[in-house]
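Engineer: Below you'll find the structure I mean.
The values are calculated or read from the model by the stated rules, or taken from the named source; none is laboratory data. The shown structure was predicted, so the numbers you read here are calculated from the model rather than taken from an experiment. Note: ideal-geometry Cβ built from the backbone for every residue, glycine included; neighbour counts use all protein chains shown. Quick note on the areas: whole protein, heavy atoms, side chains included, nothing else; ligands and nucleic acids left out. Shrake-Rupley method; radii C 1.70, N 1.55, O 1.52, S 1.80 Å.
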Amino acid sequence: MKTSNFRIVPLATEIAEAARHAAASGASDHAIITADSPRGYPCRHCLRWAQPGERVILFPYAAIPHGHPYSETGPIFVHAEPCERYAATHEFPADFRGGRVFRAYNSSYNMVDAEVVNGTEPEAVIEKLLENPETAFVHARSVTRGCYTFGIARS
Ligand SMILES: [Zn+2]
């Protein structure tokens, strides 16, 4: 399904590359892990599940930057090997249609709303959050572990 009024914002390639360099140099907060299940290791750069046997880097990412009440740094995965940044930014990533919660933030990084995808299409939930004129952007996160998955911007 094509989205009309929003676009998907995958992790920036520079951040994925920096994580790969940090992991290669042995940074203690960058762990290299081999995926051992098909739906446990979402790569924030290509927006696909890493498959069993693929290596991923686990590292802390500031999804909401420092200096705000909702500032937040949390663990995310990226593929350890270079992968292609998710390019279909006008299509909701197929691998993450379920198990996500959407948090809406205003332009001051304050959370203004949140909604779990529960038997509905994620596009409908996002469009509803964007109907609020205060919503500046939306984050998709894991509904179980809370980890940041990707951003959603107004088109
Ligand atoms: Zn990847």
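Engineer: Find the strands (runs of 3 or more DSSP E) located wholly in segment 88-155 whose residues include 3 or more that are in contact (Cβ under 8 Å) with a residue 40 or more places away in the chain and surrounded by 17 or more Cβ atoms within 10 Å (Cβ to Cβ), and list them.
Structural biologist: 100-105, 137-142, 148-154
Engineer: Also, I was wondering about something else. Here is a check on your reading of the model: is G67 exposed (fewer than 15 other Cβ atoms within 10 Å of the Cβ), part of a loop (DSSP other than H, G, I, E, B), on the phi > 0 side of the Ramachandran plot and not hydroxyl-bearing (S, T, Y)?
Structural biologist: In short, yes.
Engineer: What's the number of the only condition in (1) more than 22 Å from L130 (Cα to Cα); (2) more than 13 Å from the chain's Cα centre (by Cα); (3) open to solvent by 80 Å² or more (accessible area, probe 1.4 Å); (4) away from the ligand (no atom under 16 Å from the Cβ) that E84 fails to meet?
Structural biologist: It is condition (4) that E84 fails.
Engineer: In segment 70-81, what count of residues is obtained for those that are within 15 Å of E14 (Cα to Cα) and open to solvent by 90 Å² or more (accessible area, probe 1.4 Å)?
Structural biologist: Total satisfying the criteria: 1.
Engineer: Let me ask another. So, A94, is that one within 15 Å of the ligand (Cβ to nearest atom) and under 17 Å from P10 (Cα atoms) or not?
Structural biologist: yes
Engineer: Those residues that are within 30 Å of K128 (Cα to Cα) and open to solvent by less than 10 Å² (accessible area, probe 1.4 Å), I need them from segment 4-25; list them, please.
Structural biologist: Selection gives F6, I8, P10, L11.
Engineer: Since G53 meets every condition but one in (1) open to solvent by 70 Å² or more (accessible area, probe 1.4 Å); (2) in a loop (DSSP other than H, G, I, E, B), which condition does it not meet?
Structural biologist: It is condition (1) that G53 fails.
Engineer: Would you check if A62 is open to solvent by 10 Å² or more (accessible area, probe 1.4 Å), over 22 Å from A19 (Cβ atoms) and away from the ligand (no atom under 16 Å from the Cβ)?
Structural biologist: No: the conditions fail for A62.
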